[in-house]
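Heads up: the structure comes next, in structure tokens.
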Amino acid sequence: MIVAIDPGNIESGFVVLNNDLTIRQFGKIKNEMLLADLNMDRFVEDDGEEDYFAIEMIASYGMSVGQTIFDTCVWIGRFLENANFDSKTYIYRKDEKMNLCGTMRAKDTNIRTALIDRFAEHDLKNGKGTKNNRDIFYGFKADMWAAMAVGVTFSDMYLKDGVFNDK
């Protein structure tokens, strides 16, 4: 199982994936609630599979940043410290862009399109489908897409046949 987080300064998007990248759970919740879930091992299961934790990490590109970025960094540390997983890994946005789109110039819409192209079954435009004919991303919005990108990039970069390979 992979728990992937797109951290924010107040709320964070998360996705819980099986190792075959099928989605178990997703959402965007207040950071305090997500931290409580991690503290209670809510995401860890004793099913014989290893449990992995991947979180998007802030990287410096030479631009000045504001208080919200520093607050997000604090939350990243708190999440990492309280996550009780076999493996904890930082995923950088540049890795997501290269892994999913093959270019550093990719924007959020390009990453979302790459995820839809890879996983959507019938709604090849939005990946969501309708209430009566749901596709894989039904219910996704905002930071959940970024959390999915974190989880998929972690899997592509570090899991081979369900086994963690730290490069």
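The values are calculated or read from the model by the stated rules, or taken from the named source; none is laboratory data. This is a predicted model, so every value here is computed, not measured. Ideal geometry is used to build each Cβ from the backbone, glycine not excepted, and the neighbour counts take in all protein chains shown.
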Next on the checklist: Considering only residues that are of a type outside the set (D, E, K, R), without any contact (Cβ under 8 Å) to a residue 24 or more places away in the chain and loosely packed, with under 15 Cβ neighbours inside 10 Å, which ones fall in segment 129-162?
Outcome noted: Thr130, Asn132, Asn133
Next on the checklist: With the requirement that a residue be touching a Cys at 6+ places or on another chain (Cβ under 9 Å) and without any contact (Cβ under 8 Å) to a residue 12 or more places away in the chain, what does segment 111-128 give you?
Outcome noted: Thr113
Item to check | segment 1-20 - residue that is in a loop (DSSP other than H, G, I, E, B) and aliphatic (A, V, I, L, M) and, of those, nearest to Val150 (Cα to Cα) | outcome: Met1
Checklist entry - Quick check: is even one residue across segment 105-122 of a type outside the set (Asp, Glu), in contact with a helix residue (DSSP H, G or I) (Cβ under 7 Å, 6 or more places away or on another chain) and modelled with pLDDT under 95? => result no
Item to check | Unmet requirement for Glu49, which otherwise passes all of (1) of a type in the set (Asp, Glu); (2) in a helix (DSSP H, G or I); (3) surrounded by fewer than 15 Cβ atoms within 10 Å (Cβ to Cβ); (4) in contact (Cβ under 8 Å) with a residue 12 or more places away in the chain | outcome: (2)
Item to check | Search result, residues across segment 107-126 that are within 18 Å of Asp156 (Cβ to Cβ) and assigned to a loop (DSSP other than H, G, I, E, B) | outcome: Ala120
Checklist entry - What single numbered condition from (1) closer than 19 Å to Leu17 by Cβ; (2) of a type in the set (Lys, Arg); (3) at pLDDT 95 or above fails to hold for Lys94? => result (1)
Next on the checklist: Just the residues that are in a loop (DSSP other than H, G, I, E, B) and among the β-branched types (Val, Ile, Thr), please, taken from segment 127-155.
Outcome noted: Thr130, Ile136
